[in-house]
Every structure is written in C-alpha cells, then in structure tokens.
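The values are calculated or read from the model by the stated rules, or taken from the named source; none is laboratory data. Note that the structure is a prediction, hence the values are computed from the model and not measured. Note that each Cβ is placed from the backbone with ideal geometry, even for glycine, and that neighbours are counted across all protein chains shown. SASA here: full protein model, heavy atoms, side chains in, ligands and nucleic acids out. Shrake-Rupley method; radii C 1.70, N 1.55, O 1.52, S 1.80 Å.
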Amino acid sequence: MALYLNNAATTWPKPDCVPEAMAAFLRTGGANLARGSAASRDLSTLDLVTTCRERVSSLLGGHAGGDPRYVTFTANVTESLNVVLKGLLRPGMRVLTSSMEHNGVVRPLRRLEAEGVRLEVLPCSPEGFLAPRTLEEALREPADLAVLSHGSNVCGALQDLDALAPLCARAKVPLVLDAAQTAGVVPLDAARWDLGALCFTGHKGLMGPQGVGGILWRPDLAERCAPFVEGGTGSFSHEETQPTTLPDKFEAGTPNLPGIAGLAAALEWLAGTGIEVVAEREHRLGARLLAGLLAVPGLTLHGPRDGSNRLSVFALNLAGWDNGTLALELSDRYGIESRPGLHCSPLAHRTLGTFPQGALRLSPGYFNTPEEMDRTVRALEELAREGR
Ligand SMILES: Cc1ncc(COP(=O)(O)O)c(C=O)c1O
C-alpha cells in the first residue's frame, strides 16, 4: 500500500469533505460569481466565496478585524507572490530576502532585479535559519520591502517570526511572508506580526485542492499595490479601467469556484480539528521519524537536527546512493512516495550545501501514522546496508 511522504509538495489525502464540497458545487451550485441575476444560486456562490474569505482571515489572523475584502484569491502562492512583488517593486527600490527561498520568490525577484530593483539576499545558517541580527543590520539602510519564506520546503527550518517581524515593523519595511509550508500547519497571525501580505497556497497544509491560493493583505499595502491582471470583475461594468476597491482590484476573470468550495470545506475541517492538534500530531510523527533517521548508518540529515523550530520536512542523503535512485527504490520496493532533487529551491540547497546533487525529502502529514514512520526508517536501514 502507498505510503505518502510528500506532503510538502501537496497534502494527501484530503479530508473527505473537500472533494464532496467541490462535487456539490459543480452539481448543484455552479453559478458564477457576481455575473448573474441575484437568483438564489448566484447568492449561494457569493455566500460561499465570502465565507471562504472569512475563514482564511480568521485562520491566518487577518488585519482590519478580519475584513474579508482583504483576502484575494489566486491560483497558488506563486501567483500571489508575483502579484505582490511585481505590483509593488519598481526600479531603484531595495528589497531584502533570504538565501532559503523557493523559486516562487527568487524568480520574480531576479526578473525585477534585471529591471533595476536592488535585490539583497541575506545569508542563512547552514541549517537554514535567518539570524535576526543579519536582518537587523540589513535594515539599517532604507529598504522598501522584505520577503521571507516562513518554513523551508527543503529541510523544514522554521524562521523565528516573533524576532524577525518586529524588526521589519520597527523599520517600517512591509514584510511579505511566503506561508506555503506553514499555513494550516503552524498557528499564524498576520495582524500580530504586522505582515504587509501573507501569501498562501490552498493545497498544502490548508488541505484544499490544487489551483487555489491567495493573499491576506494589510489594507495600506493592498492600496499601494498595482494589479497584475486586469479585466472583468462583474462589478463597475460601466468603467473601462480596473476597480480600485477590494477584492475586485486583484480578481479579474472568473475565479476557481470549485477550488474555493473545496478550500472553504478544508478550512472548516481545520478549524474544527484545531491547528494546534494538527501541529502537535505532525510534530510527534516528525520527531519519531527524525529519531529513526538519525540512527540510520550512512544517513546525512541536512538542516536542523533537533525537533524544535522545524516543520516535519526532512532532507537527507544516504551514503552510496544518488537521491533520485533512492527515491525510485523507496517507491518501487516499499511503496514510499518522497521527492528527490532540488525542490524548486537552488538557493536553499546552496545554503544547505546540497547543490547541485540535491537531497531526498520526506514530509509526513496529518494522515500518516507512527507505524509508517517506523516502516520508512526500516526501509532506509535496509537500503543503507545494501548500498548502491
Ligand atoms: C516555500 C514555498 N514557496 C512557494 C511554493 C510554490 O507553491 P505553489 O506551487 O502552490 O505555487 C512552494 C511549493 O512547494 C513552497 O514550498
């Protein structure tokens, strides 16, 4: 039977309510958003989308008392980051980021750098942490924006936002958070951290389907940010220019409504289960796996070696094995699904010392069991003995 340890790529399985809500929307709902006659099915769609915005804001600590207008839906966190970064940064501006970022941050920033934005990549430790002192020093010079990923998709290192966010707030530099790996897995509070924008994807820890993500805005940043996509919004149809009011400003074109239906159901499930419960379960599974991995002969763990300040995302190499071959062997012989390679994160792998060979990533999730952690360790022990 398949043993899924690739939850950092996308969580699986989803709670049953997610596919059920998506099917129900397509079967019996199905009206477009703000593009009907205010019939009851039109109103149900509006209610569904507003409810989903409210749930996002409530779960992630939205600004302005959780005003749902400040939740923008996108296709994924990559689109969210592109909207925010390309909508705010102009030639001559200075932006800070870390050396642990995913290409979802790095590639838009490199494009902007080529167009004249001053990009500064702050070095992280070989375990993947950004020291508050490094950020503090960089903030001595005026900056226009900082963008950081909260939790590493490669090695699980969790940045200390309680220390980092206040430094940005004090310097009045808006902080954009890539919460791809932490939303739904770690309690988040955008308002308390004074985040300029929290970018999320629906299909990882939030337990929703692929194809929906979003931005939780601080109102002043949403006002300053130029929209990336312009077009029909179902509102202000007499105007030939993009509305400036939210949420319409950033949501031209028909949204992924079945995806939003799935995400709304997933968020209800998460709220009912409790983020703390999810976090505690994943932490326990991770701690069990970590203890086992550290005892496998010839196994090198990259990133944090202890259970604190980390997600249950582990990067490793096994002596004598190419990590791609190892992933295939785990899958073919043991049914264990993992992810080898560079994880769309060359900069992070350089920081960890694993570029260009990469690493094998194991990422358990809420629906895994302790026995599955033990099975994985036994499989790696066997493969370590065999070598390749
Ligand atoms: C830290 C981080 N940022 C960005 C992304 C991109 O996510 P998506 O493909 O959902 O846009 C990922 C996904 O792996 C990620 O882990």
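What to note about this one:
- For peptides 367-380, 93-106, sequence by mean Cβ density within 10 Å, most packed first: 93-106, 367-380
- Taking amide H positions as modeled 1.01 Å from N, with prolines and chain starts lacking one, the residues under 5 Å from R339 and 5 or more places away or on another chain are R361.
- Residues F228, F314, F250 ordered from highest to lowest accessible area at a 1.4 Å probe: F228, F250, F314.
- Under 25 Å from the Cα of K249 - lysines, other chains or at least 8 residues apart: K86, K172
- Note on region 227-298: Rg/Rh from Cα positions, Kirkwood definition for Rh, rounded to two decimals, is 1.34.
- With eigenvalues of the C-alpha gyration tensor scaled by 5 and rooted, region 280-370, Å: 20, 16, 13
- Taking the three principal axes of the alpha carbon atoms in the chain, the coordinate ranges are 71, 54, 32 Å, sorted in descending order.
- Estimated inter-spin distance, E137 and S40, nm [label 7 Å along Cα→Cβ]: 6.6 nm
- Region 314-388-region 144-197 distance, computed between alpha-carbon centres (Å): 27 Å
- Here each label is just a point 7 Å from Cα along the line to Cβ, and for E239 and E382 those points are 6.4 nm apart.
- Set of lysines with alpha-carbon distance to K14 below 19 Å, sequence-local pairs under 8 removed: K204
- Each 5 Å bin, from zero up to the one with the longest distance, holds this percent of the alpha carbon pairs of region 1-65: 3, 14, 15, 18, 17, 15, 11, 5, 2, 1.
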